[in-house]
Each structure stands twice: as C-alpha cells, then as structure tokens.
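Below: one structure, written as structure tokens.
A short reminder: the numbers here are calculations on the coordinates, not readings from a lab. Every value quoted in this text rests on a predicted model; they were computed, and no experiment measured them. Counting neighbours? That spans all protein chains shown, and the Cβs are built from the backbone with ideal geometry, glycine included.
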Amino acid sequence: MPTLTINGKEVTVPRGTPVIRAAAMLGFNIPHFCYHPALSAPANCRMCLVEIERARKLEPACYAKCGDGMVVHTESEKVKVARRAVLEFILVNHPVDCPICDQAGECKLQDYYMAYDAEPSRLRTSKVGKSKVFPIGPHVVYDGERCILCTRCVRFCDQITGTSELAVVQRGDDSTIGTFPGRELDNAYSMNVTDICPVGALTTRDFRFKCRVWLLSSTDSICTGCSRGCNVHLEHFQGEVQRYRPRFNPEVNEYWMCDEGRLSYKQIHARRNVTLRVGDKSDLGWPRSARTFGALAKDRIGAGGDGVAFVASPLATTEGLYAGRKYAETVLGAKRFYVGGRADGDADAFLIRADKNPNRAGVTAVFGELPGVDALLDDMAAGRVRALWLMGTELAFDDAQRARFTELVQKLDLFVVQSLHDDALLAHADAVFPAASHAELEGTYINEQGHVQQVYKALEPEGPSRSDAEIFIRLAKGADQPFAFTDVDGIRAELYDSGAEA
Amino acid sequence: MNQQRSLAALEQDPAVGQHEDVMVLNMGPSHPAMHGTVRMVLTLDGETVVKCDPEIGYLHRGFAKQCEVATWTQVFPYTDRLNYVSPILNNLGYAHAVEQMLELELPARCNYVRTVMGEVSRICDHFTAIGAGALELGAMSAFLYAIEARDLIWDLVEEVTGARLTISYARIGGLKYDLTDDFEERWASIEPRLYETLKIVDQLATKNRVFMDRMEGTGAISAEDAISYGFTGPCLRSAGVAYDIRKDAPYFAYGEVDFEVPVGTKGDNYDRYLVRMAEVEQSIRIIRQCLRNMPDGAIMVDDPHVALPEKDVVYNSIEGMINHFKIIFEGIQVPAGEIYSATEAGNGELGFYIVSNGTGQPWRLRVRPPCFYMMGGIDRMLEGAMIADIIPTFDTINMIGGEIDR
Amino acid sequence: MSKKALKLVTKKFKKSIIDTHDRFGNHTAIVDKAAIRDICLFCRDDEKLKFDLMADLTAVDYLQREPRFEVVYNLYSIELKHRLRLRAPIAEGDETIDTVCDIWRAANWAEREVWDMYGIKFEGHPDLRRILMYEEFEGHPLRKDYPIQQSQPRMDLLRAERDAVEEYKTYFVGRGRTADSK
C-alpha cells in the first residue's frame, strides 16, 4: 500500500491506484476529459498533467500509478501553464456553439476554461470544419466540430457494451468519431455516450433543444422500466419531467442505464388518468368521493368475502402496496389476491431485466407469493369472483385474454380501477381513482437484487391524482375505518416495526 | 385597526391621560405632502403633536429577497430603484462592496469617472430635496427652478449612460460606458446654470421671512440624539457632527480632491436646508477638479472573470463566447464571506452588508438605508411641534420611498 | 475596521466569544447571544472603543446550518473612526435575543424590521410590531424557506368596502349606468 504526498497532504492507497483517484480522496479535483473511472485511461487529452518530483516531464495523473514516497503537486506554475496550453489547443478548432449547444451549463470545456484558462484566442485563421448534426444512431447525434477526441465514447462501446460500433476515423486534423459504413450506434445503451461526452459532441435526439440545463431541478429517483431499478436523476422544469440521467450506484447500475429506461420518463405525463369518478359522479372531490365510494362498496359487496378479488400492482411502491393490503383485507374484506403488472420482455447480461416491473419483490414482501392474472381470468370465468379491485391497468394479457377480461368485468357487482394511465377498461368501472406517478410521491421500490431504493417527490400530482398510499388512506377514512397511519412515515413505522413482512 | 390600537394604547399612557381632548389624525399615505408614500398616525392636542407614529412599507418591493435569486450583475437595476433620485450613488455603493470582496483594483480613470458621475447624481438629489422642501412650504417658484436645473443634469446623464433615472451605470469592476467625448464642454455649459439656480433659490427662500419662520427652530435634534438614532449624512452634519465617509474613509477619487464638509449647528430644518445648499457647491467643486485631473485609461478592470469581453470577441471566438456565457448565466463567482461597505450617498451612509456563499448569486444582500434611521427619529424631532412643522421636517429628512422601504 | 477594537472586546469577554475573523479587513466577532447587551454597552461606553453610531442591525438566515439565524450588528465610532461587527447566532426554535434599543435608539426600528422579515423576537423591545409589511401578513418573508412566489391570503373586505361593492352592484350595474349592462 504505497503512501504518497499530494499538495503537502499524505495518503495511503491500494497498489495500482492512479494519482488522480488518490488526489480525489484528499479532495483535490484534477481536471480531466478522457479519464473516466469506469473506463480505461488512455491519457490522450493531457488535461490531468501534474508535477511529480524527480520525474522528467509532467505526468498524466490518470495513468501514473501511485508510488511509495511520491510527491505530487497539482497546482504548481508548470501545471497551470500546461493546463492553459491544453485548453488553448482544444479550443483552437472548437466552434462558437454555446448558444445552440445542449451541453451549455454542464460542459466541462466551459467550466475548465473559466477555472484554469481565461486567456483570449490567438487564432488568426479559420477553424477546421467537420460534419455537424450527424445522426450517428437512432437516439444520438454527433457533432464533429465540437468533438475533442477524448475517445470516451469509443471505449464505452468497446469495454462496457462490447459492441464496438464507434472508432476514430481519418487522421490528423480530419479525425472524427465514426462508424463502419452501414452500421450505426444502435446498441441498447447508446445514450450513455451522451452522458460521458464531456462536450456537446454527442447529444441525445430526445433532449435536443428541449430545455436549458440550468433551468432544470434535479430529484433523486428510480427508473421504473424493469426490476433492476437503475438510479436516476429525475430532471424537471415547471412541473414537467424533461429527462432521466443515470445516478451513480456501484451496486445497481454503476454509471449507466439502458435507452428504453431512459426514455421511460415520458410515461409520467403521457395518457394520464385524471378522472376521479364514483358511479357517474366525477366532480365530487376526494373527501366526498371517498365517502360516496364507502357507501357504494358497502351496498354492493357488504362485508366482503370469498368473491372479492384484489389485484396488486408490482409498479406501485412498497408503502402503497402495504396500505393496499390493509385496505383490501380490513375495509373491502377481500379474500382473493393476485398480482398484475407488465408481461416479461427481453433481458441481457448487463442491466436489462426480463421482469419489466420495478417492485415485484415489494409485492412478495407485502403479500407473499401471489397468483398471476391468468388465474384471475380463470376464476372470473368460473364465476368465483363477483367484485374486483384493479390496482393498475398494466396486465400481462394477450389480445384474446384482454377481450375476454373486458367482457367479464362488466358482469361484476363492483369493479374498481385505480390507475396511472388511461385505458379502455376505465369506461366499464364503477369507480375510477387516479394514481400518481413515482415522480409525484415519496416511496420505496425493492429491486431484483433486494435493494430497497427510495424515490423522492419531484412534482405535484397531476389534477386529482394521488399516490396509491394516499388513495387507500382516504378511502379507509371514507368508509369510517381509518388507518392508524396518515402518511408514508406512518406506513414505514408500521412496516418496519412489524418486521415479519420482509 | 391601527387607529383603534393607538387609542387603546393612549388610554393607558400616563403622559397622555392628562389631556382631555386628544385627537388621533391620520396623515397619508395618499397625501400631497407625504411624498414617497408614508402614513403618519398623529396624536394631536389641538395643533400640537403629542406623538407621531410613521407607518412605512408602502413601497416595499422585496429588494433583498429578489437579489437572492439574481446574479451579482442583475442586482444593479434593483439598486437604481433604491434612492431613485440619486441612482448612480446606489450603483456605485453596491459595486464598491462587491469589488472589495473580489479584492479588485480599479483603473484610475474608472475611479475618477465614478467620482464625477456620483457627484452629478448627488447634485440631483440635493436639488430635488431643496426644491420639494420649498414647494411644500408654498415656494413653488424655487421648486420650478430647482427642477429645471435637475433636468439639465438629467440630459447630461442621459448622454453618458443612456437613461435619465434608472441607469444601471456601474458594473462590478468598472462602469458601463465611459464619459462622452464632449462631456467637459457640456459640463462647462451646465455649470453656470447650476450656480445661477442655486443663487435664485437662495434669493427666493433663504432669507424669506415666511421660509425662515417655518424652518428655523423646527424639527431640531441634538447631536447626541442624532447619533443615537443612527442619523448620518446632511441630517447629522446639520446637528454639528462632521461625519462624511468621503473624508473619513476616502474611496474612488475622493482622497485626491479638495472639498469641504459643511456642518451646521442647531440640527433644525433650516440648518439641514443650508447644509444641502452648501453641499451642491462642494459637489460642483469636486467635479471641476476631477475633470481637470482626469487620467486616461480603461474604465473597466482587466479581469476575464469579472468583465464581459468585447462583442466581436464574443461572437467570433469560442473563448470569448464561453467567457461571456459563464459570466451571464452563472454570475461572477464572488468568494465566500461577508462584508459591510459604506459610501456617502445623498442622504448619508449607504451601507451594503453582503454575505456570499461563493457562487454567482448573493446569499444575503442587506441595504442600510440612511433615511430609515432618520424616519425612526422623526418622533423625537417632532416632540412638541405643531402640525405645520411636520411638513418641513419630513421634507428636509429627504425620505425617499424606494430607499426606506426597498 | 479595527484590530485594536476587536482585541479589546475579545479580551474582556473571553467566555462569550465564539470566533473572530478579519476577512476583507472587516473585524468581526461572533458572540454568544446571552452576552450581547454587555458587549454592546462596553462597545458604546469604553473610552478606547466609543462605538456611538450603530450603523446597522440586521439578520441573516443560513438555512442548512445550525444555528440557523444570526443577528448582525455593524458599529462605527464617529470620533475614533473605526468599525466593528458583532454577530450573534440564534438557533431555530429559540428565536429570541435581548434588545439593544436602549443602548442605541437606532435599534428600535431596525429590530422591528428584523422581527418583520425574520421572526426573531427582541426581549424588552417596547413596541415590536411589523414595520414594512402590513399587520395581517402571514409569515416572515426573508426567511429562506419562504418561497419568493408565495401569495398571501386575501383579506376580507372591511365593512365600508363591502357596502360600497353592494351599492355598486345594486345601483350601477342593474340600472344601465355601466358599459356591461344593456
């Protein structure tokens, strides 16, 4: 374990640690472009040059491994001159694009120029032009002029996805990033290159010109596309989610997320169910709707029993599921429980999981193992179900099954739908309760590895929609059987105290 | 409701209980004499003021709160609207405070131009105060002459800065524009008119029987009381205390020019009026000296982290573009810390207490408004006064709504 | 500012001084709020200090920090021409401090403004009411958790105003005297 001195402070690190990581441990930020902790260190940008005593030249901190007794200076005069020179060379052909570049506001070049350079341009000829707005893949746009050829994107495709679509083509002044003719950057993780690109050379088509980054507020959240639960920064502006950006979690998703999950933020605002209806009255507001529904349920199904079925949603938070179980058992008197959710899909060896529901483990924790909707359809066809509470309209049916299901629900004494999205089933329901998305509530999801991950509230719920937990709390009150808890904290206290559930 | 409370308090106040017929009269906020919008709840015994309780805040616009969400440069238009009759002095006071936190050294020409424009603004402030004061007492002609002089100054200010009143002339590290090429000629043509106006106002008001009767001996305050109440500027100097920040802690070019600080004796309205008249003359003197000794050079400090680059550099080089972009969108990065910086504004010590958290936006921006403390002391100045004395007292304090309420 | 003044104050009140600094040449002492009256009296009356002018009294909300608030006193001596700053940290939940308005009369209105904007009570102040905002205002606007876009509840109309509205509706709108009636 070598011990070295950086800027006068000592630190002991494992063998093989590059100087840049040792400096970061001490709180010294060494500027860098091509280095990334998850990728190899080619030391081609030369921005991380530091002065190591007794070395002939300045050494790149990302490549130089710590040696015992090494003395490193990261802010000496030579280092400052080197940084200015490196930035000058990078900026010499860089287009004057800040006003139209999406990266402005989160651009390493901008930040480093102000911090380490701030010298005017010495260029007296014209800049080298390259192809701009080049659609290098279905989701990614490449701008050759902005590219500083750090090769992070090339190494990502080589080392992380293993698909090697990108390479540096041409040479000298004409070098750009390109693909083999006929190929494009179309792996399932292509948009991660836009996260790691330090400048605006690789940008996503989806976010292009959508919103300026300094206007965005960032909230920690989880992607709800599959059971991996990749951590994300949910970035929103004026009540609308603008994008997901992966959040570092060394145990779940490291620095990455898949393209499909990244684009799943659109589901937060698309096709929302904002109807709060009990019977044919949709203008009652929550307190009266809760009371009206309490009366309706009592009327139709009395104290519950064997014919009352509850379908739990593996897209809901654990707290919502807990409140749901309590409501179903004590207020509705349900005896049959099923689990709904999206059908399985593709999986791969990296982050994409076949189970496209974020919280199946949560359902198992709260309810135990539950039969799926195929069993529900059988029970309904056999006439064993006379009332149904559907939590979520995502059901793993094929078209034939769905048609049969739609027929059967119309014969029920009571059919209630509590859903985030609009769906044809809502028209047949006796009561419709609008649920809030995970961006509008605080709660936890349990991923397939067993990690309990928390989402935080970023937006106010749309219209009358409320979180699942709040819906059940209100309905329990409306049926004169209020719960002991009134919010997520109360649910957690019960959930974790009872212990046995998990 | 305010009135009812005052009555209840009165009934318990032993001093007041002796009077049989005390009347609570409301003066303002909509009142021709309450310029700047101030409400005075007067407790009167006949014509005598027993208690005067001013209610301010009608022009409170949330200056401090707004500055917390603006960048350092975006604060300048807000400072214009503090003491809006001498906006340049507010701009300069704020710029000076932030420059001290950045530890910037300004070019010599910048300091001289700031001194010149600051004194021009001060003349404006004093003419307004003198003119309005005379107007309230019925000397309307004096007011019109003072306003005409002020208009000449505004024309000059417009030539230099582009606007008459809300100019945002200062920048952190310098100024927006340099003086115009013909500034000295223009000043040479205005200066005699300013002296003339001063003389006319003097002839109309200073030795006028009615004016003197109303101003002399009214609204008097002793030096100790004035200091205890936090008075500064002409109001404090009229009470005999020679405190002027331009002399005691010189900044800009004030250390390099000769000028006197007029000091009164009695601290009454008449002295305050005379002090302001004398200060106009001293300001003209300062401007003349500065123009004579004006150095050449830049009017903006040469630091890319503070000064915006020239437009041709911004549009034609990426370095200029990044520089401009970061300063505008993130703001000038001022190191974390706090500072209290005071300059001599038209009404007295204009202090800025600024707390920075190291980013491009202030964490806390407090303005110490000079006339706030004078209004706090108006009750003392009006002890035993008549209703008619309220008018000149309120005028000579020169309470500016924008400054006191922010 | 004044190094000597800061030294004198720190020497006399050793136990009550939490910290000192002189960044940007502004000599500042962070003091325990319980000792503020003694320190202020000393600053005003001591022959070598003579801080007779209380230039400013204000407060700062540091939100995420414990203690959350601070009351700041900027003092100046007209005779000795030196300045000093005193800062008294105030914890959230215990937002009170002794008044100094009998030491400097200027503090009377300044403390009213701190109460109005931050909700810090000054014990012993003869008349602690709002000064810039109207009485019925809810909240303390300069606190960092008061959102800048926050609106206030509508105030009920006073009786005279309600009567005027009724009159307008009855006599003017109904009888063809305004543009919106036929």
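Return the distance in nm (one decimal) between the two label points of a simple spin-label model at A:HIS428 and B:ALA163, each offset 7 Å from Cα along Cα→Cβ.
6.6 nm
Given chain A, what percent of its DSSP beta bridges are antiparallel, to the nearest 5?
Numbers: 39 of 60 bridges.
Approximately 65 percent, going by the DSSP bridge assignments.
Once phi is turned into θ = phi - 60°, what whole-Hz ³J(HN,Hα) does the Karplus curve with 6.51, -1.76 and 1.60 give for every residue of the stretch A:149-156, x standing for Gly and Pro?
So the J values, rounded to whole Hz, are 6, 7, 6, 4, 5, 4, 5, 4.
Could you please report the charge total around A:GLY144, scoring K, R as +1 and D, E as -1 over all other residues with beta-carbon less than 10 angstrom from its beta-carbon?
0
Hey, what angle do you get for helix A:488-498 against the long axis of chain A, alpha-carbon based, 0 to 90 degrees rounded to 10?
80 degrees
With 10 angstrom as the radius, rank B:SER121, C:SER2, B:SER30 by how many other C-beta atoms surround their C-beta, starting from the fewest.
B:SER30, C:SER2, B:SER121
For the stretch A:335-407, which trypsin sites (Lys or Arg not before Pro) are both in a DSSP coil and crowded by at most 14 other Cβ atoms within 10 Å?
For trypsin sites (Lys or Arg not before Pro) across the stretch A:335-407 that sit outside H, G, I, E and B with at most 14 neighbouring Cβ atoms in 10 Å, the list reads A:ARG384.
Post the alpha-carbon centroid distance, the stretch A:442-493 to the stretch B:223-242, in whole angstrom.
The stretch A:442-493 and the stretch B:223-242 have Cα centres spaced 63 Å from each other.
Residue by residue, what Karplus-based ³J(HN,Hα) values in Hz, rounded to whole numbers, does the stretch B:205-216 have, using 6.51, -1.76 and 1.60 with θ = phi - 60° and x for Gly and Pro?
10, 3, 9, 6, 4, 5, 4, 5, 4, 7, 9, 6
Apply 1/(1 + (r/R0)^6) to the Cβ-Cβ distance of C:ASP102 and B:GLU191, taking R0 = 60 Å, and write down the FRET efficiency to the nearest 0.05.
0.80
Over chain A, what is the mean sequence separation of C-alpha contacts under 8 Å (at least six apart), divided by residue count, expressed as relative contact order in percent?
Over chain A, the number comes to 11 percent.
By counting other Cβ atoms within 10 Å of each Cβ, how are A:LYS127, C:LYS7 ranked from fewest to most?
Fewest-to-most ranking of A:LYS127, C:LYS7: C:LYS7, A:LYS127.
Please check which bits of the stretch A:305-345 a label hung off A:ASP497 would reach, taking the label as a point 7 Å along Cα-to-C-beta and the cut-off as backbone N under 19 Å.
Residues A:319-327, A:330 qualify, since their backbone N sits under 19 Å from the label point.
To the nearest 0.05, what FRET efficiency results for B:ILE147 and B:ASP258 with a Förster distance of 30 Å applied to their C-beta separation?
Plugging the Cβ-Cβ distance into 1/(1 + (r/R0)^6) gives 0.50.
Among B:ASP182, B:ASP303, A:ASP280, which comes first, second and so on when ranked by fewest other beta-carbon atoms within 10 Å? Please report the intermediate quantities before stating the final value.
Details: B:ASP182 11, B:ASP303 15, A:ASP280 6.
So the ranking, lowest neighbour count to highest, is A:ASP280, B:ASP182, B:ASP303.
Given points 7 Å out from each Cα along the Cα-Cβ axis, report the B:MET140 to A:ASN249 separation in nanometres with one decimal.
7.8 nm
Given the DSSP H assignment, sum -39500 (n - 2.57) over each helix run of at least 4 residues in chain A and divide by its residue total; what's the result at 222 nm in deg cm²/dmol, nearest 500?
-7000 deg cm²/dmol
Taking a label point 7 Å from the Cα of B:PHE329 along the Cα→Cβ vector, which residues of the stretch A:87-122 have an amide N closer than 14 Å to it?
Hits in the stretch A:87-122 for B:PHE329 at 14 Å: A:96-114.
Can you give me the C-alpha center-to-center distance between the stretch C:1-32 and the stretch C:90-168, rounded to a whole angstrom?
Cα centroid to Cα centroid, the span is 32 Å.
For every other residue with a beta carbon closer than 12 angstrom to the beta carbon of B:ASP225, add +1 if it is Lys or Arg and -1 if Asp or Glu, then tell me the sum.
Value of the local net charge: -2.
Sort out for me the Cα centre separation of the stretch B:77-121 from the stretch B:328-406, rounded to whole Å.
15 Å
Could you pull out the trypsin sites (Lys or Arg not before Pro) across the stretch A:48-80 that fall in loop regions by DSSP (anything but H, G, I, E, B) with no more than 16 other Cβ atoms inside 10 Å?
Within the stretch A:48-80, the qualifying trypsin sites (Lys or Arg not before Pro) (loop, at most 16 other Cβ atoms within 10 Å) are A:ARG54, A:ARG56, A:LYS57.
Contour minus end-to-end for A:LYS298 and A:GLU184, with contour as 0.36 nm per residue of separation and end-to-end as the Cα-Cα distance?
Result: 35.0 nm gained on full extension.
Provide the net charge surrounding A:ASP422, with neighbours chosen by a C-beta distance below 14 Å and charges set as Lys +1, Arg +1, Asp -1, Glu -1.
0
Express as a percent, rounded to the nearest 5, the fraction of DSSP beta bridges in the protein assembly as shown (both residues included) that run antiparallel.
In the protein assembly as shown, DSSP labels about 75 percent of beta bridges as antiparallel.
With each pseudo-label sitting 7 Å past Cα toward Cβ, what's the A:ALA38-A:ASP111 distance in nm, one decimal?
Between A:ALA38 and A:ASP111, the label points sit 1.7 nm apart.
What are the GluC sites (Glu not before Pro) within the stretch A:221-314 that DSSP puts in a loop, where the Cβ has at most 16 other Cβ atoms within 10 Å?
Sites meeting the loop and neighbour criteria: A:GLU251.
Mind listing the long-range amide H neighbours of A:ARG243? Cut-off is under 5 Å, sequence gap 5 or more, other chains count too, H placed in the peptide plane at 1.01 Å from N.
Close amide H contacts, sequence-distant or interchain: A:GLU235.
What is the stretch A:124-267's relative contact order, in percent, from Cα pairs under 8 angstrom and six or more apart in sequence?
Once divided by the residue count of the stretch A:124-267, the mean separation gives 19 percent.
Given a Förster distance of 25 Å, report the FRET efficiency between A:CYS211 and A:TYR456 from their Cβ-Cβ distance, rounded to the nearest 0.05. Please report the intermediate quantities before stating the final value.
On the way: r = 20 Å, r/R0 = 0.80.
Between A:CYS211 and A:TYR456 the formula returns 0.80.
Let me have the relative contact order for the stretch A:3-89, percent, based on Cα pairs under 8 Å that are six or more residues apart.
35 percent.
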